[in-house]
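Okay, so here's the structure we're looking at.
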Amino acid sequence: MTPAPRRAPARSGGKSASAIPQVSWRTPQPAPIVLVSGPEEVCAERAIAGVRDFLRAEDDSLEVSDLRADDYASGSLLALTSPSLFGEPRLVRVSGVEKCSDAFLTEALAYLDAPQDGATVVLRHTGSSVRGKKLLDAIRSGTGGGIEIACPAVKRDSDRFDFAAGEFQSANKRIAPVALRALVGAFSDDLTELAAACQQLIADVPGDITEQIVERYYGGRVETSAFTVADTAIAGRYGDALMALRHALASGADPVPLVAAIASKLRAMARVAGTRESSSALAARLGMKDWQVDRARRDLTGWNETSLGMAIQAAARADAEVKGASRDPVFAIERLVTVIATRAPFGA
């Protein structure tokens, strides 16, 4: 019989509120109870698949079963985790724990006190509600010998950059920084598509990945990305900025993320403006990456305090307008691009 799943080592670098080991979703390992928490589905799917692959590599007779915690039939958890006639290892994947029924909650809590030998139970909780909190607290206290794989939301530009960089690092594949930035910019609004694009490049390209390769694969996306619009406008290339904007809108881009991309770059510029610290020191103090500091400083060329303040005000106005304060969000984003690219006020 395959030995019971082992406890994974705790992740280094910072304390956790949980008493159980915290494991990266990139390197998941089994345990009697595996709590996969947090809203980021791409990472959660990878973690759950990784646990399955780990167990299957140890014993290809692994029995895999799925349960829904929100549509639960009493007795199912114990039935699926109980040893079979031939003692095959069992993996039970439970979804919807944030919506779990009372019956599941009662039986899951009881199961923690006596996990079945040779069984791994993966509990998926998105964190979208406090339902099941008693169960999460019990797991995190150490009851059941579990581990936790956290999958926090990937929202910030730096988070997406780190995500994509990790994809290539895990595959031992080198990608040029400018190529990575172009790729992240092209898929800045969809982490699932970004992950798929990274995996396609990893699978298709035998050597290092350059900017030219990213352009060849995803040139259309790169050309119409929100950050291309922002970059050309901030650089003062008015004609190019309008062309990029109209191309993006014609390709179905939403004005809201377009404004958000511009506002994000303006905020970064404002944060580094007037500072003389090294990039690494400033990045550490502001919670940014070195490359973000360097880029923001390059973007400040041709800007002064007055024009930057005016642009930030224009971005705030455009943000409100594209979210419902105006009947014409396209005009609102065009006006913002005009203000930024020409460094001149635009009529009210």
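The values are calculated or read from the model by the stated rules, or taken from the named source; none is laboratory data. All values reported here derive from a predicted model rather than from experimental measurement. Virtual Cβ from ideal backbone geometry, glycine too; neighbours counted across all protein chains shown. Ligands, DNA and RNA are excluded from the accessible area calculation, which covers all protein heavy atoms including side chains. Shrake-Rupley method; radii C 1.70, N 1.55, O 1.52, S 1.80 Å.
Listed values, structure above:
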| item | result |
| --- | --- |
| Filter result (free of Cβ contacts under 8 Å to residues at least 60 places away in the same chain, among the acidic types (Asp, Glu) and either within 16 Å of Ala235 (Cα to Cα) or open to solvent by 70 Å² or more (accessible area, probe 1.4 Å) (or both)) within segment 276-308 | Asp290, Asp294, Glu305 |
| Failed item in (1) on the phi > 0 side of the Ramachandran plot; (2) crowded, with 21+ Cβ neighbours inside 10 Å; (3) under 24 Å from the mean Cα position of the chain (by Cα), with Gly118 passing the rest | (3) |
| Of the criteria (1) open to solvent by 40 Å² or more (accessible area, probe 1.4 Å); (2) within 27 Å of Cys198 (Cβ to Cβ); (3) at pLDDT 95 or above; (4) in a helix (DSSP H, G or I), which one Arg93 fails | (4) |
| Inter-residue pairs, beta-carbon under 8 Å, first under 21 Å from Ala49 (Cβ atoms) and in segment 118-134, second outside any loop (DSSP other than H, G, I, E, B) and of a type in the set (Lys, Arg), 6+ apart | Gly118/Arg90; Ala119/Arg90; Thr120/Arg90; Val122/Arg93; Arg124/Arg93 |
| Residue under evaluation Ala268, criteria (1) surrounded by 13 or more Cβ atoms within 10 Å (Cβ to Cβ); (2) in contact with a Gly (Cβ under 7 Å, 6 or more places away or on another chain); (3) of a type in the set (Gly, Ala, Ser), criterion not met | (2) |
| Search result, residues across segment 43-81 that are out of contact with any strand residue (DSSP E or B) (no Cβ under 7 Å at 6 or more places or on another chain), farther than 14 Å from Ala119 by Cβ, not small (Gly, Ala, Ser) and not in a helix (DSSP H, G or I) | Asp60, Asp70, Asp71, Tyr72 |
| The listed residue being within 25 Å of Cys43 (Cβ to Cβ), of a type in the set (S, T, N, Q) and open to solvent by 20 Å² or more (accessible area, probe 1.4 Å), out of Ser84, Ser101, Ser129 | Ser129 |
| Qualifying positions in segment 143-172 - of a type in the set (Gly, Ala, Ser), open to solvent by 30 Å² or more (accessible area, probe 1.4 Å) and in a loop (DSSP other than H, G, I, E, B) | Ala153, Ala171 |
| Search result, residues across segment 132-142 that are open to solvent by less than 10 Å² (accessible area, probe 1.4 Å) and touching a helix residue (DSSP H, G or I) at 6+ places or on another chain (Cβ under 6 Å) | Gly132, Leu135 |
| Residue check, Pro177 within 28 Å of Thr27 (Cβ to Cβ) and more than 23 Å from the chain's Cα centre (by Cα) | no |
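The rows are residues; the columns are (1) hydrophobic (A, V, I, L, M, F, W, C); (2) under 15 Å from Ala341 (Cβ atoms); (3) out of contact with any strand residue (DSSP E or B) (no Cβ under 6 Å at 6 or more places or on another chain).
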position	(1), (2), (3)
Gly219	no, no, yes
Thr228	no, yes, yes
Asp231	no, yes, yes
Ala241	yes, yes, yes
His247	no, no, yes
Leu258	yes, yes, yes
Ala270	yes, no, yes
Arg285	no, no, yes
Met288	yes, no, yes
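For (1) modelled with pLDDT of 90 or more; (2) touching a helix residue (DSSP H, G or I) at 6+ places or on another chain (Cβ under 6 Å), each residue gets a yes or a no:
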{"residue": "Gly207", "(1), (2)": "yes, no"}
{"residue": "Gly220", "(1), (2)": "no, no"}
{"residue": "Val229", "(1), (2)": "no, yes"}
{"residue": "Met243", "(1), (2)": "no, no"}
{"residue": "Ala273", "(1), (2)": "yes, no"}
